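Here, each number is a calculation from the coordinates, and none is a lab measurement. From a predicted model like this one, the values you see are computed outputs, not experimental measurements. Virtual Cβ from ideal backbone geometry, glycine too; neighbours counted across all protein chains shown.
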Amino acid sequence: MTVHIHPTALVSKKAQISEDVTIGPYCIVEDDVAIGEGTKLEAFVHVRDCVRIGKNCRLFEHSVVGGLPQDFDFKGEKSWAVLEDCVTLRENVTVH
């Protein structure tokens, strides 16, 4: 098994990418990210800092995971987005 990263994708060297992960065209994967085995990112997916993605997930085109939460109680502290195993996010979904 191997990791497949499209030549147009931008993947931080600090990101933890497991075996058998596919990262599609124009994806962005930031520093503090872990992606589990067998996960597939379709084109234009953006995975921001402080994100954990489990095994065998599939994120479709233009999904965004991470970033500042839309919560009135948020005061700038570190905020995490976690997707467990076998999660599917369809096109244009955002998870904060």
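Summary table below
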item	result
Filter result (hydrophobic (A, V, I, L, M, F, W, C), under 14 Å from the mean Cα position of the chain (by Cα) and loosely packed, with under 15 Cβ neighbours inside 10 Å) within the stretch 1-21	LEU10
Residues within the stretch 44-67 that are closer than 12 Å to ARG90 by Cα and surrounded by fewer than 23 Cβ atoms within 10 Å (Cβ to Cβ), tallied	7
Candidate set: the stretch 62-96, residues that are among the hydroxyl-bearing types (Ser, Thr, Tyr) and in a loop (DSSP other than H, G, I, E, B); chosen: the one nearest to THR39 (Cα to Cα)	SER63
The lone exception for LYS75 - which of (1) within 15 Å of SER18 (Cα to Cα); (2) over 9 Å from the mean Cα position of the chain (by Cα) it fails	(1)
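Table: residues versus (1) under 20 Å from HIS4 (Cα atoms); (2) of a type outside the set (Ser, Thr, Tyr); (3) out of contact with any strand residue (DSSP E or B) (no Cβ under 6 Å at 6 or more places or on another chain).
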| residue | (1), (2), (3) |
| --- | --- |
| GLU37 | yes, yes, yes |
| SER63 | yes, no, no |
| PHE72 | no, yes, yes |
| LYS75 | no, yes, yes |
